[in-house]
Amino acid sequence: MIGRKSRRKTEPARRRVRIEDLSTEVRARVALSGEAMAEYAKAMVASVPFPPIVVFEDGEALWLADGHHRVEAARCAGRKVVRAEVYAGGRREALLHACGANAAHGVRRTSADKRRTVTLMLSQGALTVDGGATAHLALATLSGASGQTARSPDAAQSTRASCARSASSYLRRIRR
């Protein structure tokens, strides 16, 4: 239709990206699993195919959103490039994507990872939480955390802090 923008999600560009060009600072996990990285690296050396990583590109950086274990394993296996799905977007889009990554696949997330995900989503304004059950359910669904984790006192406290404080003072409160 003329004059109407499509609401369909933009298809990613599929290409190889250099590992050294990736910005890996966006991560929803508390820590990476050395065991998983070693297992992935061994499989990569044996030429086992892995799914492409997910990257957001804003003209300034390639923000790694999903595939931190695969990237580190590829680096350990001596690889210089990895296959990627590259979407238009910046750091925030990469972070929000990372919050939903691994909810149903990949290395299982720990409870600490899920709490961090909820906190990150709140800090990015991904969801305005007014204390209602519907908001907690939506937050849990988007982050892959349980309703109890999204409803926890830590999440509620983080919500109040994100609304009441500047981003810099709020980020100091995130447990790592």
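Quick notes
- The lone criterion from (1) modelled with pLDDT of 75 or more; (2) surrounded by fewer than 20 Cβ atoms within 10 Å (Cβ to Cβ); (3) within 18 Å of the chain's Cα centre (by Cα) left unmet by THR141 is number (1).
- Among the residues of region 94-118, those identified as assigned to a helix (DSSP H, G or I), of a type outside the set (A, V, I, L, M, F, W, C) and crowded, with 18+ Cβ neighbours inside 10 Å are HIS97, GLY100, ASP113, LYS114, ARG115, ARG116, THR117.
- Within region 62-90, being within 16 Å of PRO12 (Cα to Cα) and out of contact with any Pro (no Cβ under 7 Å at 6 or more places or on another chain) holds for LEU62, TRP63, LEU64, ALA65, ASP66, GLY67, VAL82, ALA88, GLY89, GLY90.
- Checklist (1) of a type in the set (A, V, I, L, M); (2) over 16 Å from ARG83 (Cβ atoms); (3) surrounded by 12 or more Cβ atoms within 10 Å (Cβ to Cβ) applied to ALA31, failing item: (3)
- Residue under evaluation GLU11, criteria (1) closer than 25 Å to ASP113 by Cβ; (2) among the acidic types (Asp, Glu); (3) free of Cβ contacts under 8 Å to residues at least 12 places away in the same chain, criterion not met: (1)
- Identity of the residue in region 69-93, part of a helix (DSSP H, G or I) and over 22 Å from LEU122 (Cα atoms), that ends up farthest from the chain's Cα centre (by Cα): CYS76
- Meets criteria (free of Cβ contacts under 8 Å to residues at least 40 places away in the same chain, out of contact with any His (no Cβ under 7 Å at 6 or more places or on another chain), on the phi > 0 side of the Ramachandran plot and small (Gly, Ala, Ser)) for GLY78: yes
- Enumeration of residues in region 17-55 that are touching a residue at least 40 places away in the same chain (Cβ under 8 Å), of a type outside the set (Lys, Arg) and within 12 Å of ALA101 (Cβ to Cβ): VAL26, ALA28, VAL54
The values are calculated or read from the model by the stated rules, or taken from the named source; none is laboratory data. Owing to the predicted nature of the structure, the values given are computational and were not obtained by experimental measurement. Note that each Cβ is placed from the backbone with ideal geometry, even for glycine, and that neighbours are counted across all protein chains shown.
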